Each structure stands twice: as C-alpha cells, then as structure tokens.
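Input: a single structure, listed below in structure tokens.
Computed from the coordinates by the stated procedures, all read-outs in this text should not be read as laboratory data. These numbers come from a predicted model, not from an experiment. For neighbour counting, all protein chains shown are included, and Cβ atoms are generated from backbone atoms with ideal geometry for every residue, glycine included.
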Amino acid sequence: MKTYSQKGAEVKREWWVIDASTLPLGKLAVVIADKLMGKSKVTYTPHIDNGDYVVVINAKNLTVTGDKMLQKKYYRHSGFPGGLKELSLAEVIEKDPALAIREAVKGMLPKNKLAADRLERLRVFDTAEHAHSAQNPKEIK
C-alpha cells in the first residue's frame, strides 16, 4: 500500500458556520483551527493547505471561564521606549470582538508559511447575520 499525498489541484473547500456564544473561547478556537487546517478531512496532507472556510457569528457574545475577562491581557508595542500598550479581554471584546477570536485561532495554528493563508479564510461577524449565506455554509454543532 502507498501513502496518499494530496495535490494542490485536488483541494475541495467547504464553508462552515459556528456560533461563538455556544463554546468558551479556547474550545471555539480549537474547532475553528481544525477546520482551517483541514485536519478533520480524510485527505489531510501537512504540506498542502486543504482547509475550509469558517464563518463565526455572534462574536459579541463570546464567553470564557474563570476570571479571564479581566486577567487575560493583550499586549502590543509601538517600538518606542515606553510604548507598551495593554488591554484586557473585556476591553478587546468591547472594542473589536473579532480580534479576540482571531488571536486565539492564530495561536492554535502551526507557525509556518501556510498560517497566513489559513487565517484569511476565517470570517468573524459580531451579530448573527453574515454576508456569506450564498455559499450555503454548514453549521458546526
């Protein structure tokens, strides 16, 4: 028997929709990263990007366990002395809930050349309405 290796031309992408209010942030990120990488497919090949598109709805209703809303911090630096900025998860969700989901999923993806393309297939919406209903996305339960 020979090992099957998928070619780039054989990739078939599907659309999935998931509600962010059903799972905590970490478990949600695991499910999304799995779909973006294509690990749930039988034809998974590590060096080929065969993942699917994922639409996340209700990002404003994101939940976490414990005291993470206040204790989890997001840092960025301007590059200048004293330029460290710090935001809590509650502040990030208030400003841009998509950022919290995108950063969690980015941390779950492998750090390689395929990560940027995989992250581009993630679409996050604050409410239950999204612009991708024409693609007939299947619901992840």
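Full extension from Glu91 to Ser78: what is 0.36 nm times the residue separation minus their Cα-Cα distance, to one decimal in nm?
Extending this stretch completely gives an extra 2.8 nm.
With 0.36 nm allotted per residue and the present C-alpha distance subtracted, the Glu10-Lys113 stretch has 35.1 nm of extension available. Helix 97-108 against the longest principal axis of the chain: what's the angle in degrees, Cα atoms only, rounded to the nearest 10? With both axes taken from Cα atoms, the answer is about 60 degrees.
Using only Cα coordinates, the Kirkwood hydrodynamic radius of the stretch 28-105 works out to 14.6 Å.
Going down the table (Lys72/Lys113; Lys41/Lys138; Lys68/Lys141; Lys35/Lys111; Lys7/Lys141; Lys85/Lys106), which pairs top 18 Å between alpha carbons? Those over the limit are Lys72/Lys113; Lys68/Lys141; Lys7/Lys141; Lys85/Lys106. Val11 sits among other residues whose Cβ lies under 11 Å from its own Cβ, and their net charge, with Lys and Arg +1 and Asp and Glu -1, is 0. Once R0 is set to 22 Å, what does the formula 1/(1 + (r/R0)^6) return for the Cβ-Cβ distance between Glu103 and Lys141, expressed as a FRET efficiency to the nearest 0.05? With R0 = 22 Å, the Cβ-Cβ based efficiency is 0.35.
For Leu70 and Thr22, calculate 0.36 nm times their separation in residues minus their Cα-Cα distance, and state this gained length in nm to one decimal.
Contour length minus the Cα-Cα distance gives 15.2 nm.
Most tightly packed first, judged by the mean number of other beta-carbon atoms within 10 Å of their residues, the peptides 66-74, 53-61 read 53-61, 66-74. Listing Met108, Met37 from fewest to most neighbouring C-beta atoms within 10 Å gives Met108, Met37.
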